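All remarks here apply to the structure that follows.
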Amino acid sequence: MNTEMLWNSFLSRIKERISPLSYDTWFKDTKLYKIEKNIAIIIVPMILHKKHLEENYKDEIEEIFNSITGTNFSFQFKLENELTENNNKEDLNGNIINTIGGVPYQSSISANLKSEYTFDNFIVGDSNRFAFTAARAVAEKPGKAYNPLFLYGKSGLGKTHLMHSIGNYIIENSNKRVLYVSSEQFVNDYITAVRNNDKSNFDRIDSFKSKYRNIDVLIIDDIQFLGTATKGQEEFFHTFNQLHDSNKQIIIASDRSVDDLKMLEDRLITRFNWGLTANITPPDFNLRVSIIKKKISHQEAAEDIPLEVIEYIANINDSDVRQLEGAITRVFAYSLMMNKGKVTLDVAVEALKDKVNDRSVYKNDVHRIQRIVCEYFKIDIEDLKGKKRSKDVNYPRQIAIYLCRIMTNESFPKMGTYFGGRDHSTIISAYQKIEKDLKINSQLQTVIKELKSKI
């Protein structure tokens, strides 16, 4: 396709998006001069056009033009008299465009990314907030914020989700070239490139280097598996250096910290420590509850699922997100088979009974005790944890604290965190108050007995 045909195709597309007046004013008298490497040079009639197109239409021009050509180009707007004398008239009349210098127009698929993993659907809590914030900073300013970014934590905690989110954000908001691979894929590609010692071998090596070094963002997962490949480590060392020296962003994930990667060469460990390391720990109870609510939100009867079911699932699955997903799937499947699709606490307990130890952790859980006490006294859980000190709230709160103390293994300081961040001395005082009243108050004895039976 020559320049004239290509630009006419572009003009017909932009004309559909803007008003006739805007088109006639800013685009009607423009033309594509030529493509030089990865830069498309556009001729405009006046200096005013250069400034206005750059400031107001650049993103739209790039989107339409790149979708037509299948390649990513940057744009320069020039007056005709700014073109060098060496450019002949044939260029102005329409050369055949050479797109070798262009960058393949990327989608999530071509970058090996899962488009469903985004920042918007990543659930943030105390255990992953720092890693999420760092990942977002890198996505917004790749190569400038933290380079490399090293994410680590046990499997199933969200490292891969964050890495894909970074890549998807960059692709959506820039023309930068992104590639996501596992360390295993990196090693396999390298082995394939150097396997045969013949003429074609040089082409494969060049292709390998082009794939991994002519990019703007390299995202590599499970770097710990690079430890078994000595030659792979050496090649990654050189790839890392070239990308880093060119201010290209590198994002790495591992199931252990940098200093625990004993199987990797010291020179790699040193480079991993150049940037920012961010740990992701197992989700706490509140985050697990939020994750479950998000995971079940697409279910038709999600609003009818009792909160105690969600808390039960969250309480007996405390290691990672995948475990939570498996538990949710099992509960819903069991409810369909055994209870006509209705999810109740009894159904959840039965479905997940093999996940509970002989001593039920949920049975003695602080959150369950709080909820049962609130239901018994008909008060809101927010009030129980809040600052209200009226008798109708304060006394049930003291009872809940007493029950938590005798029915769980939580310490007084830890219990304080469950009751709105109260000081441990306040928790001790509440416990002692109920303990003292129980000796002389038969009505309280009855209440405690009833609550214990419910718990």
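The values are calculated or read from the model by the stated rules, or taken from the named source; none is laboratory data. Everything quoted here is computed from the prediction, not taken from an experiment. Note that each Cβ is placed from the backbone with ideal geometry, even for glycine, and that neighbours are counted across all protein chains shown. Ligands, DNA and RNA are excluded from the accessible area calculation, which covers all protein heavy atoms including side chains. Shrake-Rupley method; radii C 1.70, N 1.55, O 1.52, S 1.80 Å.
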- Task: Name the single residue, out of those in the range 114-134 being in a loop (DSSP other than H, G, I, E, B) and of a type in the set (G, A, S), that is nearest to L151 (Cα to Cα).
- Result: S127
- Message: So M163 ticks every box in (1) in a helix (DSSP H, G or I); (2) open to solvent by 20 Å² or more (accessible area, probe 1.4 Å); (3) modelled with pLDDT of 90 or more but one. Which box is left unticked?
- Response: (2)
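Out of the residues in the range 171-182 meeting the condition of being more than 22 Å from K209 (Cβ to Cβ) and of a type outside the set (D, E), tell me which one is surrounded by the most Cβ atoms within 10 Å (Cβ to Cβ). Before you say what the answer is, go through the steps one by one.
Here is the first cut: in the range 171-182, the ones more than 22 Å from K209 (Cβ to Cβ) are 171-174.
The next check asks that each one be of a type outside the set (D, E); those that pass are 171, 173-174.
Numbers: I171: 21, N173: 12, S174: 17.
In this case the residue turns out to be I171.
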- Which condition number does K363 fail, the rest of (1) open to solvent by 90 Å² or more (accessible area, probe 1.4 Å); (2) modelled with pLDDT of 85 or more being met? (2)
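Could you tell me which residue of the range 137-160 is surrounded by the fewest Cβ atoms within 10 Å (Cβ to Cβ), considering only residues that are of a type in the set (D, E, K, R) and not in a loop (DSSP other than H, G, I, E, B)? Show your work before the answer.
Just the residues of the range 137-160 that are of a type in the set (D, E, K, R), to begin with: 140-141, 144, 154, 159.
Now drop any that are not not in a loop (DSSP other than H, G, I, E, B), which leaves 140, 159.
Numbers: E140: 14, K159: 25.
If we take residues in the range 137-160 being of a type in the set (D, E, K, R) and not in a loop (DSSP other than H, G, I, E, B), then E140 is surrounded by the fewest Cβ atoms within 10 Å (Cβ to Cβ).
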- Is there any pair linking a residue in the range 203-217 that is over 13 Å from Y190 (Cβ atoms) to one that is assigned to a helix (DSSP H, G or I), with Cβ under 8 Å and at least six apart or on different chains, and which? I215/L243; D216/I170; V217/I166; V217/G167; V217/I170
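Table: residues versus (1) loosely packed, with under 15 Cβ neighbours inside 10 Å; (2) among the charged types (D, E, K, R).
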{"position": "N247", "(1), (2)": "yes, no"}
{"position": "V258", "(1), (2)": "no, no"}
{"position": "K294", "(1), (2)": "yes, yes"}
{"position": "E325", "(1), (2)": "no, yes"}
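Filter the range 211-245 down to residues that are modelled with pLDDT under 85 and polar (S, T, N, Q) and give me whichever is surrounded by the most Cβ atoms within 10 Å (Cβ to Cβ).
Filtering the range 211-245 for residues modelled with pLDDT under 85 gives 227-230.
Those still in the list that are polar (S, T, N, Q) too: 228, 230.
Numbers: T228: 12, T230: 10.
My answer is T228.
Every residue in the range 311-342 that is β-branched (V, I, T) and at pLDDT below 85, please. Quick ask: steps written out before the conclusion?
Here is the first cut: in the range 311-342, the ones β-branched (V, I, T) are 313, 316, 321, 328-329, 331.
Within the range 311-342, I313, I316, V321 qualify.
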- Considering (1) touching a Leu at 6+ places or on another chain (Cβ under 9 Å); (2) free of Cβ contacts under 8 Å to residues at least 60 places away in the same chain; (3) on the phi < 0 side of the Ramachandran plot; (4) open to solvent by less than 70 Å² (accessible area, probe 1.4 Å), say which one G420 fails and leave the rest. (3)
- Considering only the range 292-356, give the helices (runs of 4 or more DSSP H) lying wholly within it that have at least 2 residues that are under 18 Å from G156 (Cβ atoms). 307-316, 321-338
- Of the residues that make up the range 243-259, is at least one closer than 18 Å to I280 by Cβ, touching a residue at least 12 places away in the same chain (Cβ under 8 Å) and among the basic types (K, R)? yes
- Message: Quick check on the range 62-115: of everything there that is open to solvent by 40 Å² or more (accessible area, probe 1.4 Å), modelled with pLDDT under 50 and of a type in the set (V, I, T), which residue is farthest from G167 (Cα to Cα)?
- Response: I96
- Message: I'd like to check something: does the range 438-446 contain any residue that is open to solvent by less than 50 Å² (accessible area, probe 1.4 Å), more than 18 Å from F285 (Cα to Cα) and assigned to a helix (DSSP H, G or I)?
- Response: yes
- Just one of A193, A134 is modelled with pLDDT of 85 or more and either of a type in the set (V, I, T) or surrounded by 14 or more Cβ atoms within 10 Å (Cβ to Cβ) (or both); which is it? A134
